[in-house]
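Have a look at the structure below, then the notes.
The values are calculated or read from the model by the stated rules, or taken from the named source; none is laboratory data. This is a predicted model, so every value here is computed, not measured. Every residue, glycine as well, gets a Cβ built from its backbone with ideal geometry; the counts of neighbours run over all protein chains shown.
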Amino acid sequence: MDRKRVGILVFDDIEVLDFCGPFEVFSATRINEANRWQEESPFEVLLVAQKPGPCIASGGLAVLPHHTFQDCPRLDVLVVPGGRGTRREVENTVLLDWLRERGAETARLTSVCTGSMLLGFAGLLDGRRATIHRHSVDWMRDSFPAVQVEEGKRFVQDGHVYTSAGISTGIDMALGVVASYFGEDVARCTARHMEYAYPDSRP
């Protein structure tokens, strides 16, 4: 199987469900639901951080990344979560440079919640439609006049870029990525396995 490699960015003060939701979707996906326990996911999911060692997420959860920016392999999908830590990371030039580099080569570039601000500050949302957590809509509009900010949607797809509103909506976004690769039936089976309502309102 030609597995798709998913990299999920992690950093201190990241929102737990922002990265765990997509991680669960991609790791729980199966092409043949009847062989769920015999097959592996068509996605290889990796956590990537700027430096080695644990990141401390919201609530004190310690998260150990698989790779750093320096040794991260080529990615098919990049997930950029949000959380309180984004307020600090929007000024992290090393992280923003890495996002620009990886964003230029990934087939699917995605964000959850205020992870959209990291994409925006990296210049990866200009001229696109995007969304963000409802509490950060004004921040996004004020920061990026070249971005068409859409409210009231769980996620927005504009070409290969997927942005989601926040926290649980990262699950919807990740299911949308699954559908884009392997079809809606596989995405629906993944949601059913997770006991999660499939997002019937498409972006």
- Query: How many residues, within the stretch 43-68, are without any contact (Cβ under 8 Å) to a residue 24 or more places away in the chain and either acidic (Asp, Glu) or assigned to a helix (DSSP H, G or I) (or both)?
  - Reply: 1
- Message: Take the conditions at pLDDT 95 or above and part of a loop (DSSP other than H, G, I, E, B) and apply them to ASP172. Does it pass?
- Response: no
- Note on the structure: Of the listed residues (CYS20, CYS72), the one being touching a Gly at 6+ places or on another chain (Cβ under 9 Å), of a type outside the set (Ser, Thr, Tyr) and closer than 19 Å to HIS193 by Cα is CYS20
- Item | In the stretch 1-41, the residues that are surrounded by fewer than 23 Cβ atoms within 10 Å (Cβ to Cβ), assigned to a loop (DSSP other than H, G, I, E, B) and out of contact with any strand residue (DSSP E or B) (no Cβ under 6 Å at 6 or more places or on another chain) | MET1, ASP2, ASP13, ARG30, ILE31, ASN32, ARG36, TRP37, GLN38, GLU39, GLU40, SER41
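Considering only residues that are among the hydrophobic types (A, V, I, L, M, F, W, C) and outside any loop (DSSP other than H, G, I, E, B), look in the stretch 148-169 and name the one that is farthest from the chain's Cα centre (by Cα).
Result: VAL149.
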- Task: Test LEU75 against the criterion of being part of a loop (DSSP other than H, G, I, E, B), surrounded by 20 or more Cβ atoms within 10 Å (Cβ to Cβ) and either modelled with pLDDT of 95 or more or not β-branched (Val, Ile, Thr) (or both), and give yes or no.
- Result: yes
- Do the conditions hold for SER116, that is, is it within 19 Å of VAL16 (Cα to Cα), under 16 Å from the mean Cα position of the chain (by Cα) and not in a helix (DSSP H, G or I)? no
- Of all residues in the stretch 176-187 being touching a residue at least 12 places away in the same chain (Cβ under 8 Å) and either aromatic (Phe, Trp, Tyr) or surrounded by fewer than 18 Cβ atoms within 10 Å (Cβ to Cβ) (or both), the one that is farthest from SER111 (Cα to Cα): PHE182
- Filter the stretch 160-175 for residues that are within 14 Å of ALA107 (Cβ to Cβ) and crowded, with 24+ Cβ neighbours inside 10 Å and give the result. TYR162
